[in-house]
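Visitor: Dropping a structure here in structure tokens format, bear with me for questions.
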Amino acid sequence: MNRALVLTGGGDCPGLNAVIRAIVKRASQEKDWEIVGSYQSFNGVLWEPSEIMILTEEMVAGIHVKGGTILGTTNVGGPFAWPVKQTDGSYTNVDRSDELIRKLQLMGIDAVINIGGDGSQRISQALYEKGLNIIGVPKTIDNDLSITDFTFGFQTAVNTATEAIDKLVTTAESHNRILILEVMGRYAGWIALHSAIAGGAEVCLIPEIPYNIDIVAERVEQRFHRGKGFAIIVVAEGVKVIQDRADEHSLDEKGEGNPKLMGSATRLKEQLIATGCKGEIRETVLGHLQRGGTPIAYDRILATQFGVKAFELMLEKKFGEMVAYQHPEIISVPIKEVIKKYNYVSTTDPLIKTAKGIGISFGD
Ligand code: F6P
């Protein structure tokens with residue numbers, strides 16, 4: 001009997017359960033494969049006692065509809081940086097990757113399928129370089145992984161943000177307010193860009209285009225005082241104003257345990273007030289609502305495609321590869337290529353052109 005270990009790492013994301021279900025269902029078509037899940041990424045293997053479980057078809061029946069992950073997840077620590085408490089109460093990170101590989105051998109694990117984002121795939125690559133048979137499956141609501149056209153979870157997050165804008169529009173109109181919606185996405189503006197177009201915002205601020213507050217204020221003024229009497233601004237959590245470019249992040253900072261990015265809406269509100277903007281400005285931080293809940297059909301389908309492909313890559317022994325979507329194919333690419341590049345919104349992206357074409361201001 002061959003045995004594959006499946007785990008979910010990093011922030012949760014709608015569609016994770018659909019991937020797990022697809023792997024288990026595809027494996028059931030082979031006579032000699034058993035799928036085992038590790039609880040909370042690699043923690044389930046490293047904990048004493050370990051927390052791993054056999055995943056049966058019965059256990060995964062119907063879970064493609066559920067948000068979150070039945071395996072649990074974590075975006076701190078990991079096999080290369082396991083926090084160990086010191087006598088003075090502080091924590092030191094310890095590398096337990098060799099021990100992890102030994103434990104996996106003792107558990108009879110032939111291969112690992114790691115479902116996770118940028119940080120998790122860096123761990124996959126490092127373990128692959130140590131000889132582990134590993135396949136990556138990209139996940140993130142942020143859509144910030146390169147090479148794949150989309151990650152599952154992204155479209156559900158965009159839907160949630162768009163519904164939020166729809167709701168903000170009616171209340172902004174009734175109260176003549178300027179409403180700011182802060183959305184997630186880390187250093188990429190994909191969620192902001194897509195939802196601003198779908199929801200019909202006047203301003204969309206993304207990390208890739210540093211904004212000038214006077215230009216934002218002018219667009220708000222035009223819309224609020226000389227136009228409809230209300231305005232909607234979508235701001236990505238990772239935005240920068242032009243003066244902030246010096247502290248731009250480097251790729252090295254990324255990975256498990258990322259710094260928290262919050263407060264862009266409040267900062268923007270204060271900046272707008274400082275320009276003399278007269279309307280009443282209020283902010284909404286959408287937060288984890290973007291990560292939770294039922295995946296939309298698109299994400300269930302993409303996640304299912306990824307799960308089936310991941311299992312098949314494992315059968316073909318294409319270790320060190322990650323599944324990816326390049327329309328209309330589900331392909332595989334070396335994980336080391338994926339983690340080299342962060343998927344920013346290009347300033348020449350056709351969607352930027354579309355957005356500008358309908359008058360959305362990026363503050364540039
Ligand atoms: O990567 C997904 C994501 O939701 C980001 O958009 C956000 O910056 C981060 O995770 C939040 O992580 P946490 O839930 O750990 O604060």
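Visitor: Go through (1) out of contact with any helix residue (DSSP H, G or I) (no Cβ under 9 Å at 6 or more places or on another chain); (2) outside any loop (DSSP other than H, G, I, E, B) for LEU7 and report which single condition fails.
Guide: Evaluating LEU7 over (1) out of contact with any helix residue (DSSP H, G or I) (no Cβ under 9 Å at 6 or more places or on another chain); (2) outside any loop (DSSP other than H, G, I, E, B) leaves (1) as the failure.
Visitor: Please indicate, with yes or no, whether at least one residue in the range 206-219 is within 16 Å of the ligand (Cβ to nearest atom), of a type in the set (D, E, K, R) and crowded, with 20+ Cβ neighbours inside 10 Å.
Guide: Yes, that holds for at least one residue.
Visitor: Another question, if that's okay. Confirm whether ALA192 is within 14 Å of ALA157 (Cα to Cα), assigned to a helix (DSSP H, G or I) and away from the ligand (no atom under 16 Å from the Cβ).
Guide: For ALA192, the condition - within 14 Å of ALA157 (Cα to Cα), assigned to a helix (DSSP H, G or I) and away from the ligand (no atom under 16 Å from the Cβ) - is not met.
This table checks each residue for (1) more than 23 Å from ILE213 (Cβ to Cβ); (2) out of contact with any helix residue (DSSP H, G or I) (no Cβ under 7 Å at 6 or more places or on another chain).
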position	(1), (2)
MET322	yes, no
TYR325	yes, no
ILE331	yes, yes
ILE335	yes, no
VAL345	no, no
LEU351	yes, no
LYS356	no, yes
SER361	no, no
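Visitor: Okay, moving on. Considering only residues that are among the basic types (Lys, Arg) and farther than 17 Å from LYS356 by Cβ, which ones fall in the range 197-238?
Guide: Once the filter is applied, which keeps residues that are among the basic types (Lys, Arg) and farther than 17 Å from LYS356 by Cβ, the range 197-238 yields ARG226, LYS228.
Visitor: I'm trying to understand the selection: among the residues of the range 175-189, which are assigned to a strand (DSSP E or B) and under 21 Å from the mean Cα position of the chain (by Cα)?
Guide: Within the range 175-189, LEU181, GLU182, VAL183 meet the criteria.
Visitor: Could you check the range 311-357 and list, in sequence order, the residues that are assigned to a loop (DSSP other than H, G, I, E, B), of a type in the set (D, E, K, R) and over 27 Å from LEU7 (Cα atoms)?
Guide: ASP349
Visitor: Return the total of residues in the range 96-109 being surrounded by 13 or more Cβ atoms within 10 Å (Cβ to Cβ) and either under 30 Å from the mean Cα position of the chain (by Cα) or not assigned by TED's automatic domain parsing to the domain that holds VAL36 (or both).
Guide: 8
Visitor: For a quick check of your reading of the model, give me the residue pairs whose first member lies in the range 72-94 and is of a type in the set (S, T, N, Q), whose second is not in a loop (DSSP other than H, G, I, E, B), with beta-carbon atoms closer than 6 Å and at least 6 apart or on different chains.
Guide: From the range 72-94, the pairs are THR73/THR8; GLN86/THR92; THR92/VAL84; ASN93/PRO83.
Visitor: In the range 18-31, which residues are surrounded by fewer than 21 Cβ atoms within 10 Å (Cβ to Cβ) and modelled with pLDDT of 95 or more?
Guide: The answer is LYS25, ARG26, SER28, GLN29, GLU30.
Visitor: Let me ask something else. Looking only at residues that are away from the ligand (no atom under 16 Å from the Cβ) and of a type in the set (Val, Ile, Thr) in the range 285-325, which one is farthest from the chain's Cα centre (by Cα)?
Guide: The qualifying residue farthest from the chain's Cα centre (by Cα) is VAL308.
The values are calculated or read from the model by the stated rules, or taken from the named source; none is laboratory data. No experiment lies behind these values; they were computed from the predicted model shown. Neighbour counts run over all protein chains shown; Cβ positions are idealised from the backbone, glycine included.
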